[in-house]
1. Where does each of Glu178, Glu252 land when they are ordered by accessible area, with a 1.4 Å probe and the largest first?
2. Looking at the stretch 172-220, which trypsin sites (Lys or Arg not before Pro) are DSSP coil and have at most 13 other C-beta atoms within 10 Å of their C-beta?
3. At what distance in nm do the modelled label points of Ala185 and Asp55 sit from each other, each positioned 7 Å from its Cα along Cα→Cβ?
4. Rounded to whole Hz and in sequence order, give me ³J(HN,Hα) for the stretch 107-112 from the Karplus expression 6.51 cos²θ - 1.76 cosθ + 1.60, θ = phi - 60°, writing x for Gly and Pro.
Amino acid sequence: MFDELPIELVYHILELAAQLAQTDAHAWVATSLALVSREVHQLILPTIYHTVLLDGHRGMMLSADAFEPPPHVRHTRCLMLRGFGLLHSQLLTFFPGVDTFAVDFYGLRLLDQVDDFCPERLMYLSDTWYDMFSAIANPFRNLTHLRLNYETISLNQPQFPRLTNLFVEHRVYGNDTEVFDISVASMLSLPRLQRVVFRFYHLDCNRIAFGNRLASLRALKDPRVYLDHVPVGRTMPLDTGLWCMFTACASEVRTGVDVWETGIPLLLYPGNSSSDSG
């Protein structure tokens, strides 16, 4: 069948197949495609290496002696670091094409020691309750896009002089609307903020609390607030472990999802404060 198609279309189909296979369950598809021929291998390398997750909890140490990156990592656009105890100071030179970083508590602490680490896009994925943002400034000076979960949020205006886009994942499990309102106010007071997208996770038993969150946000009448809603009953990846949060984010990035551009304006979202549902 492929013999009857233009070669450009065949290549496009193979690239799309490799892209759609970038999940833990189907990663073997892209790997198998890479074995078809040298031409196909070169074609889908940028897809396979687009997002790289290095996990220190699985025995990897980023030291000068222990880490020799393959040349293919020049295709990497999103670099994820989790749980490292040792970091080679020249790490970033190994990945010249990276424009988005994803780190946990330990990864951010270590990268704060690298002079050249001042990304524009950062995903902070952590289950550690610790106000570490107040002790770190250097990595945030050029930051324009930040993703994080609500449980670790702590934003200080002077640290984020260029931040324009926020994506916040929030597990609704209580009716602490007052604390939530304070956090939202700090976000919206960022001097250059243009858009904040909320992704809410809630169980059926938390419908009222979820409705109260939406009512609180609607009351602000702020057009910068967007909602990327998650259906009722879907578990936040962080609830099943930080590894699941990293892999969930990796799947989104690999398939071209830009979370900072998702959602609809909250002012257009249907429902009211007490009856909002999935």
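The values are calculated or read from the model by the stated rules, or taken from the named source; none is laboratory data. Source: prediction; values computed, not measured. Quick reminder, even Gly has a Cβ in these numbers, built from the backbone with ideal geometry, and neighbours come from all protein chains shown. The accessibility values were calculated without ligands, DNA or RNA, using every heavy atom of the protein model including side chains. Shrake-Rupley method; radii C 1.70, N 1.55, O 1.52, S 1.80 Å.
1. Glu178, Glu252
2. Here the sparse-neighbourhood loop sites are Arg192.
3. Placing both labels 7 Å along Cα→Cβ, they lie 4.1 nm apart.
4. With coefficients 6.51, -1.76 and 1.60, one gets x, 5, 4, 6, 5, 4 Hz.
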